[in-house]
Each structure stands twice: as structure tokens, then as C-alpha cells.
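Below you'll find the structure, written out as C-alpha cells, and then a few comments.
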Amino acid sequence: MSRYKVLKKSFIAGRLLEVGEEVEYSGIAGSNLELIGGGDAKSDTGALGDGAGGDAGEVVTNNAISGSGDTVESSLEYLREQYTQLFGKAPHHNMGADKMRTAIDERRKELAI
């Protein structure tokens with residue numbers, strides 16, 4: 001995995017990253033990420049150059065993803081954390097998982113992330 005600096009507010013692996021944050025990322029970096037490190041750091045952009053399939057999933061090793069260590073995206077706690085990061089307030093206590101997912105997806109479209 002390579003270490004990157006966030007150039008524009010980005011949503012990576014279920015977490016909203018602010019400008020200037022550093023993150024370890026194993027996917028193909030877009031224009032919002034800048035590679036940091038010495039001469040031995042390599043970009044992963046050519047990893048799938050031969051057309052072979054691979055794991056293009058986003059893997060971010062950053063302790064702030066989930067305070068409890070639970071990384072299951074369908075969990076209600078994870079959705080609440082995501083909602084709070086995007087909207088700046090906690091969701092209503094009776095809001096269900098489906099409604100939270102819909103609100104999160106709409107907010108991502110608004111922010112173009």
C-alpha cells in the first residue's frame with residue numbers, strides 16, 4: 001500500500017477525508033490523492049495494466065474508520081458514523097438503515113464524492 005496526501009475533500013472507504021489528511025490506500029489513486037514518501041514509494045496506477053482482473057477494492061488503513069473496529073458496512077453503527085461525518089449531526093434515533101443509506105448516497109452525489 002502507498003501513502004497519499006488528500007488534495008481535495010474525498011470520500012474513501014466509507015470515510016470523509018479532509019484536505020491535508022494522510023491515508024494509506026491500495027486502490028488506484030485519482031487526482032484527489034498525491035503520493036507521498038521517498039524514492040522507494042511507487043504508485044499503484046499500473047497494477048492492472050495488462051487487463052487482468054484484480055482486487056480493485058478500496059482498502060484504507062486508518063484507525064478512524066470505526067471506533068469499535070467493526071468494518072462491516074451494513075452495520076447500523078457504521079451507517080450512523082458515516083451519516084454523522086457527512087451531515088455534521090447524528091441521525092434521528094428511529095432512522096432505519098435503508099433510509100440512512102439513501103440519505104448518505106444523496107449527500108455523496110451533492111458533494112460529488
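The values are calculated or read from the model by the stated rules, or taken from the named source; none is laboratory data. Being a predicted model, the structure only gives us computed values, none of them experimental. Glycine also receives a Cβ, built like all others from the backbone with ideal geometry; neighbour counts cover every protein chain displayed.
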* Out of all the residues in segment 1-23, which are of a type outside the set (A, V, I, L, M), surrounded by fewer than 17 Cβ atoms within 10 Å (Cβ to Cβ) and over 24 Å from Leu79 (Cβ atoms)? -> Arg3, Lys5, Lys8, Gly20, Glu22
* To do: May I ask you to list the residues in segment 88-113 that are part of a helix (DSSP H, G or I), β-branched (Val, Ile, Thr) and surrounded by 14 or more Cβ atoms within 10 Å (Cβ to Cβ)?
  => Ile104
* **Hits in segment 98-113 - residues which are touching a helix residue (DSSP H, G or I) at 6+ places or on another chain (Cβ under 8 Å) and not charged (D, E, K, R)** => Met100, Ala103, Ile104, Leu111
* **Evaluation of Gly54 against (1) of a type outside the set (A, V, I, L, M); (2) at pLDDT 75 or above; (3) surrounded by fewer than 12 Cβ atoms within 10 Å (Cβ to Cβ); (4) assigned to a loop (DSSP other than H, G, I, E, B) (one fails), failing number** => (2)
* Asked: Which residue out of Ser10, Ser43 is touching a strand residue (DSSP E or B) at 6+ places or on another chain (Cβ under 8 Å), modelled with pLDDT of 80 or more and polar (S, T, N, Q)?
  -> Ser10
* How many residues are part of a strand (DSSP E or B), of a type outside the set (Asp, Glu) and farther than 20 Å from Asp105 by Cα when one looks only at segment 1-40? -> 10
* **Considering residues of segment 72-99 that are among the hydrophobic types (A, V, I, L, M, F, W, C) and over 17 Å from the mean Cα position of the chain (by Cα) only, the residue farthest from Ala13 (Cα to Cα)** => Met95
* Asked: Does segment 59-70 contain at least one residue that is outside the structural domain of Gly88 (by the TED database), in contact with a Ser or Thr (Cβ under 8 Å, 6 or more places away or on another chain), at pLDDT 50 or above and part of a loop (DSSP other than H, G, I, E, B)?
  -> yes
